[in-house]
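Colleague: So that we are looking at the same thing, I have put the structure below in structure tokens.
The values are calculated or read from the model by the stated rules, or taken from the named source; none is laboratory data. All of these numbers come straight from a predicted model, not from anything done at the bench. Glycine gets a Cβ as well: all are built from the backbone with ideal geometry, and neighbour counts include every protein chain shown. The area values use the complete protein model at the heavy-atom level, side chains included, leaving out ligands, DNA and RNA. Shrake-Rupley method; radii C 1.70, N 1.55, O 1.52, S 1.80 Å.
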Amino acid sequence: MPQTLTKGTPERAKTDKNLHIERQNADQAIAEQKAAVEADANRTLHEARERADAVLHAARDKADDKLDIVLPVGEVRAVIQQERQLEDRAVKQERAAADEALQQEREQNARDLLALLPIERKITDQSLSTERVHADDAVEHRDDVLAMVSHDLRDLLGAISSSTALVLRTAAPGPAGDTTRMGTEQIQRYTARMRRLIDDLTDVTRIDAGKLSVRLSPGNLAPLISEAVIALRGAATAKELILDLPHCDEPIPAMFDGDRILQVLNNLIANAIKFTPAGGRIRVECEHTSNLAKISVTDNGPGIPTELLETVFERFAQGTDPGRRGLGLGLYISRNLIEAQHGKIWAESTPGQGTTVSFTLPLMSNLN
């Protein structure tokens, strides 16, 4: 039986993770700052006490020198020494009491801070939750509007496709008919591109809402790969490109959503066709190990700078060639579709030599 999987909301998961990390960093920074302030205060207090003790000892030594002149050593000196010991003891007790009071004040401040942080964070969480509710309402309204508009646009595009098909069938023979057929086929290509654009926008809204679904069922990946290559070979030939699919006849048993895998393959091959100059070559390869199937699309186009290899999978990421930019949704949608099927997708490139985009899927016996 087909299985339906729904991918979570990646942006919110990322936000929650970043918020958690920021709070941990804030807690650590507060603790480090508190320890530094206390250490600085302790050092300042210790230095002040040492200076006070030094002044007191100097004053006492000076007083003793004077007493040696006017008083004989004996009972008077013993009484003075005893009084000083009592004073020192009193100072020590006062300092201990002051240290205890300071420690209690610090502990109380720490407790107050610990009590305040959860309150402030609770308020932040409540505000975030409220904002998300409002955002959800806005997104739901947007999705409703997009669904209605998409439905109407698909109906119109369907009517255009039917009309152009009729024109193709009834076009007159000869040069006049050839001109009609060329124009009609161009309209069909534009119609197909508009339909893909609508589908991409719809998929993005589903990803944002955490409602991107795939229906997994057992099957053979190899025929899908051949189907995608055959479907786009005409577009490659029209651009004077060679589209190869060597050695992909062996069955590749896996659990996957066939329509979604075709969508990913179409995106990857169409991207390669778009960015490979005339006379280039595109190679689609498939292989599998004991637990993974790997499909790669390689071109010999201009390549992607190393620092952009991860960025190209982000939403609305654009290519480096301003003349060949689209909405930048294909690779973003492809990553979400592959990850929803327990797979992985990535890009490798050498600028000036070409790009390889690969994805893997677990084989059927390894999907538990």
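Colleague: Might you check whether a residue that is among the polar types (S, T, N, Q), crowded, with 17+ Cβ neighbours inside 10 Å, part of a loop (DSSP other than H, G, I, E, B) and modelled with pLDDT of 90 or more occurs anywhere in the range 253-263?
Modeller: no
Colleague: Quick check: anything in the range 275-293 within 28 Å of the chain's Cα centre (by Cα), buried (at least 17 other Cβ atoms within 10 Å of the Cβ) and over 28 Å from SER213 (Cα atoms)?
Modeller: Yes, because at least one residue in the range 275-293 is within 28 Å of the chain's Cα centre (by Cα), buried (at least 17 other Cβ atoms within 10 Å of the Cβ) and over 28 Å from SER213 (Cα atoms).
Colleague: Condition (residue is outside any helix (DSSP H, G or I), open to solvent by 70 Å² or more (accessible area, probe 1.4 Å) and within 27 Å of LYS14 (Cα to Cα)) applied to the range 217-226: is it met by at least one residue?
Modeller: no
Colleague: Would you pick out the residues in the range 204-235 that are more than 29 Å from GLU314 (Cβ to Cβ), of a type in the set (D, E, K, R) and touching a residue at least 40 places away in the same chain (Cβ under 8 Å)?
Modeller: Listed by number, the list is empty, since nothing qualifies.
Colleague: While we're looking at this one, here's another question. Is there any pair linking a residue in the range 120-137 that is at negative phi and in contact (Cβ under 8 Å) with a residue 40 or more places away in the chain to one that is surrounded by 10 or more Cβ atoms within 10 Å (Cβ to Cβ) and among the basic types (Lys, Arg), with Cβ under 9 Å and at least six apart or on different chains, and which?
Modeller: If the second residue must be surrounded by 10 or more Cβ atoms within 10 Å (Cβ to Cβ) and among the basic types (Lys, Arg), the pairs left are ARG121/ARG23; ARG132/ARG12.
Colleague: Here's something else I'd like to know. Can you name the residue in the range 150-206 that is among the acidic types (Asp, Glu) and under 29 Å from the mean Cα position of the chain (by Cα) and, of all such residues, is most open to solvent (accessible area, probe 1.4 Å)?
Modeller: ASP199
Colleague: Turning to a different aspect of this structure: Which is of a type outside the set (D, E, K, R) and within 19 Å of GLY343 (Cβ to Cβ), of ALA165, ALA222, ALA171? Talk me through it step by step, then tell me what you get.
Modeller: Numbers: ALA165 fails: within 19 Å of GLY343 (Cβ to Cβ); ALA171 fails: within 19 Å of GLY343 (Cβ to Cβ).
Just one listed residue meets the conditions, ALA222.
Colleague: Something else now. How many residues are at pLDDT 90 or above, outside any helix (DSSP H, G or I) and acidic (Asp, Glu) if we restrict to the range 298-343?
Modeller: So the answer is 2.
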